[in-house]
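Coordinate-derived values only; no laboratory data. Just so it is clear, the structure is predicted and the values come from calculations on it, not from any experiment. Glycine also receives a Cβ, built like all others from the backbone with ideal geometry; neighbour counts cover every protein chain displayed.
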Amino acid sequence: MDPLTALLLVPFAAGIYLIWTAKPNSRWRVARHYAGVFFTALPIGGLAYFFAGIEIARWRGVGHFFSVPFGGYAVSDSALLASLAGWVILLGALIELVLRGKVRR
């Protein structure tokens, strides 16, 4: 297996496992559920950040990565982390909205 694929699949699989194994009357149910949402959103948010940067650069007609929403063409470490955190939070909220009412609580 490709290391990048494993890097994306392991947290995703761990997140799905944590979400589905959170028992309804468990003391740690809420912590397991939100940890699962975070681990599920982490690889999806990273991929969304990567593909959004490529598509925005392609749309603008330039040949290099464009950091969305922070940083632009001058990508620094802080802008990269802030953008990645924004994507993870956004997709975590979307995952939570989709799961609301579908997971036994």
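Pairwise alpha-carbon distances in the chain exceed 15 Å for 67% of all pairs.
Compared with the dominant principal axis of the Cα atoms in the chain, helix 77-99 is inclined by about 40°. Between Phe65 and Leu80, full extension at 0.36 nm per residue minus the direct alpha carbon distance yields a gain of 4.3 nm. Among Phe12, Phe38, Phe50, the largest mean-square fluctuation in a Gaussian network model of the chain (Cα springs under 10 Å) belongs to Phe50.
With each label modelled as a point 7 angstrom along the Cα→C-beta vector, the Phe12-Ile54 pair spans 1.4 nm. Each residue of segment 53-69 was assigned a 3J(HN,Hα) from its phi angle through the Karplus curve 6.51 cos²θ - 1.76 cosθ + 1.60 (θ = phi - 60°); the sequence is x, 5, 5, 5, 5, 5, 5, 7, x, 10, x, 9, 4, 10, 6, 10, x Hz, with glycine and proline shown as x.
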